[in-house]
Amino acid sequence: MPIYEYKAKKGVDELVEGILSAESQEDAVNKLSQKGFFPIEIKEKEDSGDKRTKKILSQLLSKILFKLNLRQLVLNRVGSRQILVFTQKLATLMRAKIELLPALRILYEQTDEGDFKRIIQRLYNQVKKGIPLSRSLEEFPHIFSPLYTNAIKAGEASGSMDEALGNILDFIKRKEALKNKVSGALIYPSILLVVGFLSIIFVLVFVIPKLKGLFMDVNVNLHIFTKAILSVSAFTVNNWPYEA
(Lines give C-alpha, C1' and ligand atoms only; values in the text may rest on other atoms or scores of the structure.)
Protein backbone atom coordinates (compact mmCIF):
# COMPACT_ATOMS: atom_id res chain seq x y z
CA MET A 1 0.00 0.00 0.00
CA PRO A 2 1.42 3.43 -0.94
CA ILE A 3 2.72 5.76 1.77
CA TYR A 4 1.68 9.42 1.65
CA GLU A 5 3.23 12.46 3.28
CA TYR A 6 0.76 15.14 4.27
CA LYS A 7 0.41 18.63 5.67
CA ALA A 8 -2.96 19.54 7.17
CA LYS A 9 -4.69 22.13 9.32
CA LYS A 10 -6.06 21.23 12.72
CA GLY A 11 -8.19 24.05 14.08
CA VAL A 12 -7.42 27.65 13.16
CA ASP A 13 -3.64 27.80 13.00
CA GLU A 14 -2.23 24.43 14.07
CA LEU A 15 -0.27 22.82 11.23
CA VAL A 16 0.32 19.08 11.43
CA GLU A 17 2.58 16.93 9.27
CA GLY A 18 2.97 13.20 9.02
CA ILE A 19 2.70 10.08 6.91
CA LEU A 20 -0.05 7.52 6.44
CA SER A 21 -0.76 4.53 4.25
CA ALA A 22 -3.70 4.66 1.86
CA GLU A 23 -4.94 2.99 -1.30
CA SER A 24 -4.92 6.28 -3.21
CA GLN A 25 -4.61 10.02 -2.75
CA GLU A 26 -8.41 10.27 -2.45
CA ASP A 27 -8.36 7.58 0.25
CA ALA A 28 -5.68 9.58 2.10
CA VAL A 29 -7.89 12.69 1.97
CA ASN A 30 -10.82 10.72 3.42
CA LYS A 31 -8.68 9.34 6.25
CA LEU A 32 -7.43 12.82 7.16
CA SER A 33 -10.97 14.23 7.06
CA GLN A 34 -12.13 11.49 9.45
CA LYS A 35 -9.45 12.66 11.89
CA GLY A 36 -10.77 16.22 11.70
CA PHE A 37 -7.86 17.51 9.61
CA PHE A 38 -8.17 19.89 6.63
CA PRO A 39 -5.64 18.66 4.01
CA ILE A 40 -3.30 21.28 2.56
CA GLU A 41 -0.76 19.07 0.82
CA ILE A 42 -0.69 15.33 0.15
CA LYS A 43 2.01 13.56 -1.85
CA GLU A 44 3.12 9.99 -2.31
CA LYS A 45 6.40 9.24 -0.61
CA GLU A 46 8.93 8.16 -3.20
CA ASP A 47 12.69 7.95 -3.34
CA SER A 48 12.86 9.39 -6.85
CA GLY A 49 10.65 11.21 -9.32
CA ASP A 50 9.83 14.61 -10.67
CA LYS A 51 9.42 16.78 -7.56
CA ARG A 52 8.05 19.68 -9.56
CA THR A 53 5.28 17.51 -11.02
CA LYS A 54 4.36 16.16 -7.60
CA LYS A 55 4.26 19.67 -6.17
CA ILE A 56 1.94 20.87 -8.93
CA LEU A 57 -0.38 17.90 -8.40
CA SER A 58 -0.41 18.51 -4.67
CA GLN A 59 -1.27 22.19 -5.12
CA LEU A 60 -4.00 21.26 -7.60
CA LEU A 61 -5.49 18.80 -5.11
CA SER A 62 -5.46 21.48 -2.42
CA LYS A 63 -7.32 23.89 -4.70
CA ILE A 64 -9.88 21.23 -5.64
CA LEU A 65 -10.50 20.43 -1.99
CA PHE A 66 -11.06 24.09 -1.19
CA LYS A 67 -13.38 24.54 -4.18
CA LEU A 68 -15.44 21.55 -3.05
CA ASN A 69 -15.53 22.97 0.45
CA LEU A 70 -16.62 26.38 -0.89
CA ARG A 71 -19.31 24.76 -3.02
CA GLN A 72 -20.68 23.01 0.05
CA LEU A 73 -20.81 26.35 1.87
CA VAL A 74 -22.75 27.88 -1.01
CA LEU A 75 -25.23 24.99 -0.99
CA ASN A 76 -25.70 25.32 2.76
CA ARG A 77 -26.41 29.05 2.77
CA VAL A 78 -25.37 30.97 5.86
CA GLY A 79 -28.27 32.83 7.45
CA SER A 80 -28.48 36.62 7.59
CA ARG A 81 -28.65 36.37 11.38
CA GLN A 82 -25.14 34.84 11.45
CA ILE A 83 -23.81 37.66 9.26
CA LEU A 84 -25.40 40.21 11.59
CA VAL A 85 -23.88 38.65 14.73
CA PHE A 86 -20.46 38.29 13.06
CA THR A 87 -20.43 41.94 11.97
CA GLN A 88 -21.66 43.14 15.36
CA LYS A 89 -18.99 41.22 17.28
CA LEU A 90 -16.20 42.20 14.89
CA ALA A 91 -17.22 45.88 15.11
CA THR A 92 -17.17 45.66 18.92
CA LEU A 93 -13.68 44.12 18.90
CA MET A 94 -12.41 46.74 16.45
CA ARG A 95 -13.75 49.56 18.66
CA ALA A 96 -11.93 47.94 21.58
CA LYS A 97 -8.69 48.45 19.59
CA ILE A 98 -8.13 44.71 19.11
CA GLU A 99 -6.18 43.88 15.95
CA LEU A 100 -8.00 42.15 13.11
CA LEU A 101 -6.16 38.82 13.30
CA PRO A 102 -6.73 38.27 17.06
CA ALA A 103 -10.33 39.45 16.59
CA LEU A 104 -10.97 36.80 13.93
CA ARG A 105 -9.43 34.17 16.18
CA ILE A 106 -11.77 35.19 19.02
CA LEU A 107 -14.77 35.00 16.69
CA TYR A 108 -13.67 31.57 15.47
CA GLU A 109 -13.47 30.27 19.04
CA GLN A 110 -16.88 31.75 19.91
CA THR A 111 -18.66 30.33 16.85
CA ASP A 112 -20.40 26.96 16.97
CA GLU A 113 -19.28 24.19 14.64
CA GLY A 114 -20.67 24.51 11.14
CA ASP A 115 -20.25 26.22 7.80
CA PHE A 116 -19.77 29.71 9.19
CA LYS A 117 -17.03 28.55 11.56
CA ARG A 118 -15.12 27.21 8.55
CA ILE A 119 -15.61 30.53 6.77
CA ILE A 120 -14.10 32.41 9.72
CA GLN A 121 -11.21 29.94 9.76
CA ARG A 122 -10.58 30.64 6.07
CA LEU A 123 -10.70 34.41 6.67
CA TYR A 124 -8.27 34.05 9.57
CA ASN A 125 -5.80 32.00 7.50
CA GLN A 126 -5.95 34.46 4.60
CA VAL A 127 -5.45 37.53 6.78
CA LYS A 128 -2.58 35.76 8.54
CA LYS A 129 -0.89 35.44 5.13
CA GLY A 130 -1.18 39.20 4.66
CA ILE A 131 -4.22 39.13 2.36
CA PRO A 132 -6.66 41.99 3.08
CA LEU A 133 -9.96 41.04 4.68
CA SER A 134 -11.90 42.55 1.77
CA ARG A 135 -10.16 40.22 -0.71
CA SER A 136 -10.77 37.25 1.57
CA LEU A 137 -14.48 38.08 1.78
CA GLU A 138 -14.68 38.11 -2.03
CA GLU A 139 -14.15 34.33 -1.97
CA PHE A 140 -17.69 34.04 -0.58
CA PRO A 141 -19.82 36.23 -2.89
CA HIS A 142 -23.01 34.33 -2.03
CA ILE A 143 -22.54 35.19 1.64
CA PHE A 144 -20.85 38.61 1.69
CA SER A 145 -22.38 40.98 -0.85
CA PRO A 146 -20.31 43.38 -3.00
CA LEU A 147 -21.68 46.21 -0.84
CA TYR A 148 -20.28 44.48 2.25
CA THR A 149 -16.83 43.83 0.77
CA ASN A 150 -16.57 47.33 -0.75
CA ALA A 151 -17.39 48.90 2.61
CA ILE A 152 -14.65 46.81 4.25
CA LYS A 153 -12.25 47.82 1.46
CA ALA A 154 -13.04 51.49 2.10
CA GLY A 155 -12.46 50.98 5.83
CA GLU A 156 -9.09 49.35 5.15
CA ALA A 157 -8.05 52.23 2.89
CA SER A 158 -9.07 54.91 5.39
CA GLY A 159 -7.88 53.05 8.48
CA SER A 160 -11.36 53.17 10.04
CA MET A 161 -12.50 49.54 10.03
CA ASP A 162 -14.64 50.04 13.13
CA GLU A 163 -16.58 52.83 11.42
CA ALA A 164 -17.01 50.79 8.23
CA LEU A 165 -18.29 47.81 10.22
CA GLY A 166 -20.64 50.11 12.12
CA ASN A 167 -22.10 51.39 8.84
CA ILE A 168 -22.52 47.83 7.55
CA LEU A 169 -24.19 46.84 10.82
CA ASP A 170 -26.67 49.73 10.58
CA PHE A 171 -27.49 48.77 6.99
CA ILE A 172 -28.06 45.09 7.88
CA LYS A 173 -30.31 46.05 10.81
CA ARG A 174 -32.39 48.39 8.63
CA LYS A 175 -32.63 45.72 5.95
CA GLU A 176 -33.78 43.08 8.46
CA ALA A 177 -36.29 45.50 10.00
CA LEU A 178 -37.74 46.30 6.56
CA LYS A 179 -37.86 42.60 5.69
CA ASN A 180 -39.75 41.80 8.90
CA LYS A 181 -42.09 44.73 8.34
CA VAL A 182 -42.92 43.62 4.80
CA SER A 183 -43.43 40.02 5.92
CA GLY A 184 -45.75 41.18 8.70
CA ALA A 185 -47.68 43.42 6.32
CA LEU A 186 -48.27 40.52 3.92
CA ILE A 187 -49.75 38.22 6.55
CA TYR A 188 -53.15 39.96 6.77
CA PRO A 189 -53.75 40.19 2.98
CA SER A 190 -52.71 36.54 2.65
CA ILE A 191 -55.26 35.52 5.28
CA LEU A 192 -57.95 37.54 3.49
CA LEU A 193 -57.12 35.86 0.17
CA VAL A 194 -57.33 32.39 1.68
CA VAL A 195 -60.59 33.14 3.51
CA GLY A 196 -62.06 34.73 0.37
CA PHE A 197 -61.10 31.74 -1.78
CA LEU A 198 -62.58 29.26 0.70
CA SER A 199 -65.76 31.35 0.92
CA ILE A 200 -66.18 31.29 -2.87
CA ILE A 201 -65.65 27.52 -2.96
CA PHE A 202 -68.22 27.07 -0.16
CA VAL A 203 -70.82 29.14 -2.02
CA LEU A 204 -70.21 27.35 -5.34
CA VAL A 205 -70.32 23.86 -3.84
CA PHE A 206 -72.92 24.10 -1.08
CA VAL A 207 -75.12 27.18 -1.59
CA ILE A 208 -75.67 27.66 -5.33
CA PRO A 209 -76.69 24.00 -6.01
CA LYS A 210 -79.62 24.51 -3.59
CA LEU A 211 -80.59 27.77 -5.32
CA LYS A 212 -80.48 26.00 -8.68
CA GLY A 213 -83.22 23.64 -7.52
CA LEU A 214 -85.29 26.62 -6.40
CA PHE A 215 -84.92 28.34 -9.80
CA MET A 216 -86.01 25.16 -11.58
CA ASP A 217 -89.11 24.88 -9.38
CA VAL A 218 -90.33 28.41 -10.17
CA ASN A 219 -89.49 27.92 -13.87
CA VAL A 220 -88.20 31.46 -14.52
CA ASN A 221 -86.06 32.70 -17.40
CA LEU A 222 -82.62 33.24 -15.84
CA HIS A 223 -80.22 36.05 -16.70
CA ILE A 224 -77.12 35.01 -18.64
CA PHE A 225 -74.90 36.03 -15.70
CA THR A 226 -76.93 33.79 -13.38
CA LYS A 227 -76.64 30.91 -15.85
CA ALA A 228 -72.86 31.40 -15.95
CA ILE A 229 -72.64 31.20 -12.16
CA LEU A 230 -74.77 28.05 -12.14
CA SER A 231 -72.49 26.50 -14.78
CA VAL A 232 -69.38 27.32 -12.75
CA SER A 233 -71.06 25.86 -9.67
CA ALA A 234 -71.97 22.65 -11.54
CA PHE A 235 -68.41 22.31 -12.84
CA THR A 236 -66.99 22.82 -9.34
CA VAL A 237 -69.37 20.28 -7.80
CA ASN A 238 -68.60 17.69 -10.48
CA ASN A 239 -64.86 18.07 -9.86
CA TRP A 240 -65.12 18.43 -6.09
CA PRO A 241 -63.27 15.54 -4.39
CA TYR A 242 -65.73 15.38 -1.48
CA GLU A 243 -69.44 14.81 -1.55
CA ALA A 244 -71.41 18.05 -1.11
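The values are calculated or read from the model by the stated rules, or taken from the named source; none is laboratory data. Not measured: the values here are computed from a predicted model. All Cβ positions, glycine included, derive from the backbone under ideal geometry; neighbour counts span all protein chains shown.
Regarding residue 145, is this residue closer than 20 Å to residue 85 by Cβ, free of Cβ contacts under 8 Å to residues at least 24 places away in the same chain, surrounded by 12 or more Cβ atoms within 10 Å (Cβ to Cβ) and not assigned by TED's automatic domain parsing to the domain that holds residue 230?
yes
Rundown of residues vs (1) surrounded by fewer than 13 Cβ atoms within 10 Å (Cβ to Cβ); (2) modelled with pLDDT under 60; (3) more than 16 Å from residue 122 (Cα to Cα), yes/no style:
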| position | (1), (2), (3) |
| --- | --- |
| 1 | yes, no, yes |
| 10 | no, no, no |
| 14 | yes, no, no |
| 19 | yes, no, yes |
| 22 | no, no, yes |
| 25 | no, no, yes |
| 56 | yes, no, yes |
| 62 | no, yes, no |
